[in-house]
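Colleague: So that we are looking at the same thing, I have put the structure below in structure tokens.
Please treat every number below as a calculation from the coordinates, not as lab data. A quick note: this is a predicted structure, and the numbers were derived from the prediction, not measured. Neighbour counts are summed over all protein chains in view; Cβ atoms, including those assigned to glycine, are modelled from backbone coordinates with ideal geometry.
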Amino acid sequence: MARKKKIVKRRRKSSGWGWLLSLDSERRRRYLRRVAWGTVVLGVAAGIGVVQSRLEAHVETQLRDRVGQPTIVYEDLPELLETLALPDFANALSDLLSVNWMESDLCQRIAERLATVGWVDKVQFVRRRSDGSFAVRAQYRVPEAIVRSGEDYFLVDSGMIRLPGRYLPSDQWKVIIGVRDAVPEPGISWSCDELSVGLELIRVVGAEPYAGQIRAVDVTNLGGREDSSACHVALVTVRTGGRILWGSAPGFELAENTVRQKLAILRENHRRTGWLDAGNAVIDISIYPNRFTIPG
């Protein structure tokens, strides 16, 4: 008797999407719609990423090609220093101006280099700008007077800091004559009694109506170091050979007029005659509180 073959029912392999086919048509449509939107969103995001990456690379390439040497914009630079200081800034930064604008530490290097220039008291910031330049903001030293030392003239600021360069006498600044200390390097304090007294007197007479008639402050005999019986400090006027014998340094008066009394005499002379010296070559304002004398 022949054995009956056992019939084994072969199962159909699942395609993985059977669950989807088992859904009703409405739920299937909602699912497929979500998948479609998800695919679109991912595609857009991927596209944006590619575009942004290419755009950044393009912009960087364009900047590198367009921006050759960096340019510097000095914010709040006093007008006077546009002539005096800009050449020194350019000289100090000459090698850095050949560096590519995109160098990561270029701002710091510019700030450090400018801080060594005597015109700069303090660098506040250096910032890279999108137009290929750098913005610099700093505290600057502005000339207050010009000091004669031998045959040379040097500018100083109100804090007695020597500024870069050598100069010729100019009506733009009062001259201080008689400073003996050696000339320091630019950016270094030129601290000495003669310069301190000279700057103080320049400030004292600076607001007076006759200030333009004063050319220099002579502190050669400060403290009577050359002649104890002679005037210690004098104002040199624009008149040929003109001098105002001031007396002692401000704050060191003994038997003589105060600063206020001396200024009052000069102011009255100017009011009456148009000249602080009342038309005389040399006058002495150190003795009498209400008038001047003419020496000799």
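Colleague: Label-point separation (nm) for GLU268 and ASN91, each offset 7 Å from Cα along Cα-to-Cβ?
Modeller: With each label point 7 Å from Cα toward Cβ, the separation is 5.1 nm.
Colleague: Determine the percent antiparallel among the DSSP beta bridges restricted to the range 220-296, to the nearest 5.
Modeller: The antiparallel fraction comes to roughly 60 percent.
Colleague: Follow-up question, since we're still on this one. Please report the net charge: other residues with Cβ closer than 14 Å to the Cβ of ALA230, K and R +1, D and E -1.
Modeller: Numbers: positive: ARG225, ARG243; negative: ASP218, GLU226, ASP227, GLU256, ASP284.
Result for the neighbourhood of ALA230: -3.
Colleague: Still on this structure, please answer the following. Can you list residues from other chains, or at least 5 along the same chain, whose modelled amide H is less than 5 Å from the amide H of ALA216?
Modeller: Counting only residues 5 or more places away or on other chains, the set is VAL175, VAL236.
Colleague: Could you grab the Rg to Rh ratio for the range 71-140? Cα atoms only, Kirkwood for Rh.
Modeller: Across the range 71-140, the Cα-based Rg/Rh ratio is 0.92.
Colleague: Same structure, new question: Let me spell out the model: positive unit charges on the Cβ of Lys and Arg, negative unit charges on the Cβ of Asp and Glu, origin at the Cα centre of the range 138-296. What dipole size does that give, in debye rounded to 20?
Modeller: With Lys and Arg at +1 and Asp and Glu at -1, about 500 debye.
Colleague: Would you mind calculating the gained length between GLN172 and ASP227 on full extension (0.36 nm times residue separation, minus the Cα-Cα distance), in nm to one decimal?
Modeller: 16.7 nm
Colleague: For LEU266, what charge total do you get from the other residues with a beta carbon under 9 Å from its beta carbon, if Lys and Arg give +1 and Asp and Glu give -1?
Modeller: The answer is -1.
Colleague: Within the P(r) computed for the range 62-192, what percentage of the Cα pairs occupies the region above 18 Å?
Modeller: On the way: 4751 of 8515 pairs.
The calculated P(r) of the range 62-192 puts 56 percent of pairs beyond 18 Å.
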